[in-house]
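Coordinate-derived values only; no laboratory data. Given the structure is predicted, the values throughout are model-derived calculations rather than measurements. Reconstructed Cβ throughout: ideal geometry from the backbone, glycine too, with neighbour counts over all protein chains shown.
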Amino acid sequence: MTKINKCKNIDIPSLEFNSPEKINNKYISCCTYQGEIPFIQIQNVKTLSGFYKTKQQKFKIDMILNNEEYYRFFMNLELACINSVASNFSKWFGENTKDEDLESSFVSFLKLKGMETILTLPLEYNADYSTDIEVYNYNKERVPCDYVKENNNLTFIIRFNGIQFARNKFAPCWSISQIKINKDKPIIKEIESIKKLPKLSKDTYHFIDEEQNIIQEESEEDSADDIFNDHDDIIQNLVEQYRESDKFNKI
């Protein structure tokens, strides 16, 4: 069973970063947490943008981190990325570097807009602008990706792949797995069969709902025994982009 982590339950110093390997023309230091690729849920965050295309023809989404817990989590995680590269740079790349050079080479996904902190996440997509992201409405029914709009209140499940290196820059490597739209949206009553894809189990609602919190808090010690069996599939799918898409994944 794939374990979905809340930010408060992740001990950031326990994240482990492996030696970088070439994946999709990038060098990525894959990250594991308790032996697994970490999936992280953040809930009730507002998107400023919905999905949008950059000048570099890439899709992204901006979210407001107005929750102190989330702000500190992502700040501390980015700091862990910098510290890991500083500690391992000589071993990984066979050369030395100065701390100030590393700090200037780091590309943060956090930015300030007025008094708000914005987290920008990239989208992985195919040549036909389809993506492997699954979007659900508040009734736990799957809906097309273009239902995600500006100012929506959203819950995300994101996968932290590790640290990616490109030329003289490095940055966290994120993938969005699922999005839930918390505001009322039109419902698709009938959904055709959707091909299953091997990241999170497909057509399965993975979000941690509030009514589950009490049970999960009581069984938190047992949850550490959950085994994430598709670790190898996740690493493989960092190498190979999905080749098939459907009407739900167009953006």
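Of note:
- With a Cα cut-off of under 30 Å and a minimum spacing of 8 residues unless on different chains, the lysine pairs in the range 1-99 number 28.
- Ile61, Ile82, Ile181 arranged by Cβ crowding within 10 Å, fewest neighbours leading: Ile82, Ile181, Ile61
- Taking each residue as 0.36 nm, the span from Thr97 to Gln34 lengthens on full extension beyond its C-alpha to C-alpha distance by 19.7 nm.
- Student exercise, the range 108-178 dipole from Lys, Arg, Asp, Glu Cβ charges, in Debye to nearest 20: 360 debye
- The length gained by stretching the chain between Lys22 and Tyr71 to full extension, at 0.36 nm per residue less their Cα-Cα distance, is 14.6 nm.
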